């Protein structure tokens with residue numbers, strides 16, 4: 001038990017000392033995760049909204065597929081992205097393997113179905129409420145999707161948060177396509193895995209503490225924003 | 001008009017015929033089914049241009065459904081709806097507006113709700129601003145313009161819904177029980193908006209269960225029972241001297257249970 005507290009104390013010491021290696025890893029993690037979530041939202045919000053609003057052949061299949069892909073195994077995504085980006089793969093000439101870009105692509109593939117599936121549900125529910133009014137006003141298809149996304153904006157923040165949670169905690173895919181290269185593709189989760197295997201528990205735990213703190217902080221901010229929106233009747 | 005099988009189906013009165021040379025909206029033989037049930041069965045309706053028509057009848061008679069069909073929100077299984085003699089197309093829909101029983105307001109400010117509706121109709125800039133100002137003033141909502149629409153009281157929300165619909169300059173305004181659950185002051189405010197709009201030439205089609213409101217607003221009445229038109233005519237005639245048994249039952253405050261049953265007591269075999 002003493003060992004645990006001593007490791008934890010050392011971990012906090014590292015965090016408060018603003019260790020440059022630690023900051024570099026945290027910075028890269030945030031850059032990769034936030035970029036992946038941004039692009040996932042860019043694709044997932046309109047895709048989910050379109051599936052939620054419009055009736056078209058194959059809609060049910062697409063909806064089921066999006067829901068199923070929410071549980072996409074990250075290592076499988078990592079493997080597929082690896083094969084696509086490897087020298088002999090179709091995207092090999094882009095030379096993205098073992099770069100943060102490859103990690104962003106992998107994370108985006110994991111997060112997009114989550115964002116799209118949850119958005120579909122949110123927008124479908126809201127559309128049920130607005131549909132007749134929109135039809136009465138003669139709102140066009142594009143305006144309808146944009147309006148629903150705008151009016152669901154605070155709920156969609158929670159959707160983005162779900163995507164962020166999945167991305168920031170992801171380890172399998174980014175390890176495969178990023179390679180966990182020091183000062184290049186080393187992020188918090190891959191470092192925790194590596195340092196634990198090496199027995200360097202202080203750094204691993206320090207990163208774990210930071211990861212938790214970030215997750216708590218982002219969640220708290222989003223929930224506070226949502227709560228204020230609910231109070232103002234905008235959500 | 002379809003023979004509804006009521007004891008005294010009423011034909012349109014001679015005075016009403018003379019008042020109705022120019023129907024704005026006409027429906028012939030409307031049939032609508034859902035869940036294996038026929039909810040509207042051969043409904044004929046004629047709405048005079050510039051008139052105030054009330055759609056009345058007990059719960060489940062098909063009043064809201066009829067309004068949705070006439071507004072083109074849903075399509076009939078059978079029957080035709082014509083707008084000024086032509087089909088009920090996109091242009092006709094743009095000339096109509098509807099206010100629902102429960103106002104559907106966007107999760108935005110009062111101002112943004114009006115702005116949105118007018119933008120959809122293609123209005124921008126100073127013209128839109130002028131219409132928004134006029135709408136807010138007519139509803140007495142100027143001071144609440146920046147408030148989220150959903151924190152307004154029920155009466156304020158419904159006033160906003162009415163002026164939002166009217167701001168789009170419709171030729172015909174459908175109102176589905178716009179004053180249900182509102183206090184007398186809010187009801188009066190809505191009725192004033194409706195009467196002012198009608199005075200400007202907007203044709204009104206309104207559902208109500210409120211006898212007082214029917215007398216205050218009604219010119220023509222369409223009385224529905226079990227998805228068929230039981231009676232149509234001038235408001236004075238239908239409200240004061242109904243000819244059909246369903247309308248008489250409504251007038252007397254009785255529950256109409258069918259052509260062979262005059263009261264709930266008869267239905268259950270009890271005597272009251």
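Structure above, values below:
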read-out: Cβ crowding within 10 Å averaged over residues, with A:102-114, B:151-163, B:185-197 ranked highest first; value: A:102-114, B:151-163, B:185-197
read-out: Inverse mean reciprocal Cα-Cα distance (Kirkwood Rh) of the range B:42-111, Å; value: 14.2
read-out: Once the Cα gyration tensor of the range A:1-120 is diagonalised, semi-axes √(5λ) in Å; value: 35, 21, 14
read-out: Förster-model FRET efficiency, 51 Å R0, residue B:91 and residue A:216, C-beta, rounded to 0.05; value: 0.35
read-out: Degrees, to the nearest 10: B:184-199 long Cα axis against longest axis of chain B; value: 80
read-out: Chain B, relative contact order in percent, only Cα pairs under 8 angstrom and at least six apart counted; value: 27
read-out: The protein assembly as shown - share of DSSP beta bridges that are antiparallel (%, nearest 5); value: 60
read-out: Cβ crowding within 10 Å averaged over residues, with A:169-178, A:37-46, A:11-20, B:115-124 ranked highest first; value: A:169-178, A:37-46, B:115-124, A:11-20
read-out: The protein assembly as shown: projected area of the alpha-carbon convex hull, averaged over directions, in nm²; value: 34.4
read-out: With Cα atoms, 0 to 90° folded angle of helix B:154-167 axis to chain B main axis; value: 80
read-out: Spin-label pair residue B:130/residue B:80, simplified geometry with 7 Å Cα→Cβ offset, distance in nm; value: 4.0
read-out: Rh by Kirkwood over Cα pairs, then Stokes-Einstein D for the range B:138-189 at 1.002 mPa s and 20 °C, µm²/s; value: 183
read-out: Rough spin-label spacing in nm, given labels placed 7 Å along Cα→Cβ, for residue B:147 and residue A:141; value: 3.9
read-out: Partner chain coverage, peptide A:223-234 - average Cβ within 10 angstrom; value: 2
read-out: Span from the the range B:25-51 Cα centroid across to the the range A:87-107 one, whole angstrom; value: 62
read-out: Gap separating the Cα centres of the range A:175-235 and the range B:81-101, nearest whole Å; value: 55
read-out: Mean projected area (nm²) of the alpha-carbon convex hull when the range B:104-173 is viewed from all directions; value: 4.3
read-out: For the range B:61-197, the fraction of alpha-carbon pairs in successive 5 Å shells from zero, as %; value: 2, 10, 19, 21, 20, 14, 9, 4, 1, 0
read-out: Sorted by Cβ density within 10 Å, fewest first, the residues A:128, A:153, A:144; value: A:128, A:153, A:144
read-out: Shielding by other protein chains, A:137-143, mean Cβ within 10 Å; value: 5
read-out: Whether the range A:165-235 is rounded, prolate or oblate, judged on the alpha carbon gyration tensor where a/c under 1.5 counts as rounded; value: prolate
read-out: Residues B:168, A:221, sorted so that the one with the fewest Cβ neighbours within 10 Å comes first; value: A:221, B:168
read-out: For the range A:67-136, the spread of Cα positions along each principal axis, largest first, Å; value: 55, 23, 18
read-out: For chain B, share of DSSP beta bridges that run antiparallel, in % to the nearest 5; value: 60
read-out: Degrees between helix B:125-139 axis and first principal axis of chain B (Cα, 0 to 90, nearest 10); value: 50
read-out: Area projected by the alpha carbon convex hull of the range A:50-90, averaged over all directions, nm²; value: 4.0
read-out: Radius of gyration, Dmax [the range A:82-213; alpha carbons; angstrom]; value: 20.2, 66
read-out: Sequence-separation-based contact order of chain A, relative, with Cα cut under 8 Å and 6+ spacing, percent; value: 31
read-out: Helix-only [θ]222 nm of the protein assembly as shown, DSSP H runs n ≥ 4, -39500 (n - 2.57) each, per residue, nearest 500; value: -18000 deg cm²/dmol
read-out: Packing rank of B:56-69, A:21-34, where each peptide gets the mean count of other beta carbons within 10 Å, highest leading; value: B:56-69, A:21-34
read-out: For q = 0.11, 0.18 Å⁻¹, Debye-computed log10 I/I(0) when each Cα of chain A counts as one equal scatterer; value: -0.66, -1.25
read-out: Kirkwood estimate for the range B:135-257, i.e. one over the average of 1/r between Cα atoms, Å; value: 15.8
read-out: Space enclosed by the convex hull of the alpha-carbon atoms of the range A:1-54, per residue, Å³; value: 104
read-out: Theoretical FRET efficiency, 1/(1+(r/R0)^6), r = Cβ-Cβ of residue A:182 and residue A:69, R0 35 Å, to 0.05; value: 0.60
read-out: The range A:123-171 versus the range A:9-82: alpha-carbon centroid distance in Å; value: 18
read-out: Column: log10 I(q)/I(0), Debye, Cα scatterers of chain B, q = 0.08, 0.13, 0.16 Å⁻¹; value: -0.34, -0.87, -1.23
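Bear in mind these aren't lab numbers, they're just calculated from the coordinates by the rules spelled out. This one's a predicted model, so the numbers in the text were calculated from it and none came from an experiment. All Cβ positions, even for glycine, are placed from backbone atoms using ideal geometry, and neighbour counts span all protein chains on display.
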